[in-house]
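Novice: Pasting a structure here, questions to come.
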Amino acid sequence: MTTHVHDVIIAGGGPGGSTLAALLRRNTTLDVALVEAERFPREHIGESFTQRVTAVLAESGGLEKILASDCWVKKFGGYYAWGEGDPSLSLFEHKEWEKDGILRWSFHADRPQMDAILLEHARSCGATVFEGVAIKHVDLGKSEHTVHLEDGRVLHCRMFVDATGRVTDLASRQRKQYLSKYRNVAVWTHVTGARTAQEAPGDWNLFGKLGVSCIGSYAFEDGWFWYIPVPKRINGKRVVTHSLGVVTDPRVLKLPGKDYTNLETLMQTARRVPVLKDLVANARPVFDKTNTATNYSMIADRFASYDERWVSIGDAAYFVDPLFSSGVAFSVNHAASAALLIELAFSETVSEADKRDLFRDYDEGWRGMACSFAVILDQWYHAIARTHSNSIYWETRTSESLVDVRLSTFNDLVDTAVSPDLLMVITKGEGKLSELTDGPLVEALRLAGKEPRDDQRVALKNDVVVRPSVSLAVGLSKINLAMMREGGIDRLRAYWADPVNNRQDIPRLYDKAIQQHRFERDRNGVGFLDQRDGGFTVAERLKTPTRYGDVRPSLSPAQRLLVRKLHGANMIDVDDEASAAE
């Protein structure tokens, strides 16, 4: 009897795993199987998303089915009552909205039903789905992997994908490292009879003026509350509830009167928090108990291996705090990136060298994204400490980060992890990182983003090489005017009016490998597109020791950024002129 070998087995049927399965089946002829330990629908937290999920789910075909259900509410952005003064807020792609008046949107959703829709969509696309059975262990082979299920069945595949979430690490079998010194716990319930976040009083509330839905986040001395409209089924009827949760340090729960796992304590505290108290004054819990989950920000040592033929996506690769509703956005964008990576790994027209570069780019690019985002989140807890000097965050405050901020990818921070929307909120509407005076993000930028001084002599290290390479252009998808130049503003407006039926207006988010070049040293690489970054000019200018002040005026902003990346990646020798003279 011939053993059937799947091309790809995906472990985990959440949004990341299901989206990856659907994309692979829609864009390739690969044989894909998906193994999910639980029976859907099942309860899950993470009910609010950014606009960056919209394009990915539209491409996968899953968005149409979600929108046809009754499990979602449109979302246009969020606000943060974080410290003194009016809350900070941002519509999605706020600066673009100010120019063109187009409201970008995402949604809040009942995760049990949404996840069930996406899993069933993967099945309808042709993925073989094993539901309600866990994977016991995976034996990685040279050309074929053996996947042992808890019920005794054995599956085989050529490529294995771990999308099982934070708890397991089926592929790399490595211990995950902490991304943040803040190791929080989330406690939540659902309530009815509450007012929406956009009904919060105050002239600052743009969402109320526009009459559009948003998420609210509210800091207090022990952490922060989230507040999300979620349609849930209660006694057989669909009811719009509010997910009300607190994120805090676990040590707080042991203090007198601070056990937020007690439903009464949770509700009483919410009714004292500024802004939130006006919304939940008449709120009634739907259930008679709370739910809890740890929120430890953690990261795996590796996200993929070409030689071992495995890939991790979503929380299986890294998890960050839920503050900015980033979890599902990261997971499905991760899936879109992995779909192209896997497609090219099976391609007979892509060289082995390029395949290795692509796996390396996937690993380094997404690790840089995770590390950058972790530092940003630490900056917010630093802000709680400054505002509430009696909080546990004040006791543990520091400007240091667990992240290696010298990663070259960190220099892309403003363009990737810190979107303009997030930057607006962090800086209370100013939109400039220079507005921040202290904290982990400020310290990280000081270390990772520094440029050589004009009086220093600089040169590429002798063992740095420049060679042709390829890239996945790792990052979070953004639908913006740059992608709509052919059709202009009308095309963009039509897309956001109906992303499902105007999906053809958007190119596939990850449709091909990008030809680029790479500075490389000791397997550490900094990629560049010469027409954008001017990398060959930088290489020529830094070929021999040169006073940076003589070079800098002739460099473009993109070239100076490339110099900072190379500096952060330890590819440039930098000496003071006095030292060089000696």
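The numbers here are math on the coordinates, done by the rules we state, and not lab data. Small disclaimer: the values here were computed from a predicted structure and weren't measured. Cβ coordinates were reconstructed from backbone atoms using ideal geometry, including for glycine residues, and neighbour counts include every protein chain displayed.
Novice: Between residue 192 and residue 524, what is the label-point separation in nm under the 7 Å Cα-to-beta-carbon projection?
Specialist: Rounded to a tenth, the inter-label distance reads 5.8 nm.
Novice: Hey, another quick one. When the Karplus curve 6.51 cos²θ - 1.76 cosθ + 1.60 is applied with θ = phi - 60°, which whole-Hz ³J(HN,Hα) does each residue of the stretch 492-503 get, with x for Gly and Pro?
Specialist: Once rounded to whole Hz, the list reads 5, 4, 5, 4, 6, 6, 7, x, 6, 7, 10, 4.
Novice: Any chance you could list the semi-axes, whole Å, largest first, of the equivalent ellipsoid that the Cα gyration tensor gives for the chain, using √(5λ)?
Specialist: Listed largest to smallest, the semi-axes of the chain are 37, 32, 23 Å.
Novice: Can you tell me, using C-alpha contacts under 8 Å and at least 6 residues apart, the relative contact order of the chain as a whole percent?
Specialist: Relative contact order here is 16 percent.
Novice: Follow-up. Given only helices, namely DSSP H runs of n ≥ 4 each adding -39500 (n - 2.57), what is the per-residue ellipticity at 222 nm of the chain, to the nearest 500 deg cm²/dmol?
Specialist: -9000 deg cm²/dmol
Novice: Shifting gears a bit: Report, by chain and number, residues whose modeled amide H sits under 5 Å from the one on residue 525, excluding near sequence neighbours (fewer than 5 apart, same chain).
Specialist: For residue 525, whose amide H was placed from the backbone, there are no distant partners under 5 Å.
Novice: Next question, about the same structure. Hey, what do the phi angles of the stretch 368-385 turn into as Karplus ³J(HN,Hα) couplings, whole Hz, using 6.51/-1.76/1.60 and θ = phi - 60°, x for Gly and Pro?
Specialist: Taking θ as phi minus 60°, the curve returns x, 4, 4, 5, 4, 5, 4, 5, 4, 5, 4, 4, 6, 5, 4, 5, 4, 4 Hz for the stretch 368-385.
Novice: Ok, one more. Roughly what % of DSSP beta bridges within the stretch 1-124 run antiparallel, to the nearest 5?
Specialist: Bridges in the stretch 1-124 that DSSP calls antiparallel: roughly 70 percent.
Novice: Something else about it: Based only on other Cβ atoms within 10 Å, what is the fewest-to-most ordering of 355, 254?
Specialist: Listing 355, 254 from fewest to most nearby Cβ atoms yields 254, 355.
Novice: Out of the DSSP beta bridges found with both residues in the chain, what percent are antiparallel (nearest 5)?
Specialist: 80 percent
Novice: Additional query: Give me, ordered by chain and number, the residues 5 or more places off residue 302 or on other chains with an amide H under 5 Å from its own placed amide H.
Specialist: none
Novice: Once you've got the Cα coordinates, tell me which of 209/232; 95/209; 74/277; 136/289; 74/99 are over 25 Å apart.
Specialist: Listed pairs above 25 Å: 209/232; 136/289.
Novice: Can I ask one more? Tell me, 369, 571 in order of fewest to most beta-carbon neighbours within 10 Å?
Specialist: 571, 369
Novice: As an exercise, use a Förster radius of 51 Å and the Cβ-Cβ distance of residue 278 and residue 128 to find the FRET efficiency, rounded to the nearest 0.05.
Specialist: That gives a FRET efficiency of 0.50.
Novice: Give the relative contact order (percent, whole number) for the stretch 16-133; include only Cα pairs under 8 Å separated by 6+ residues.
Specialist: Computed value for the stretch 16-133: 45 percent relative contact order.
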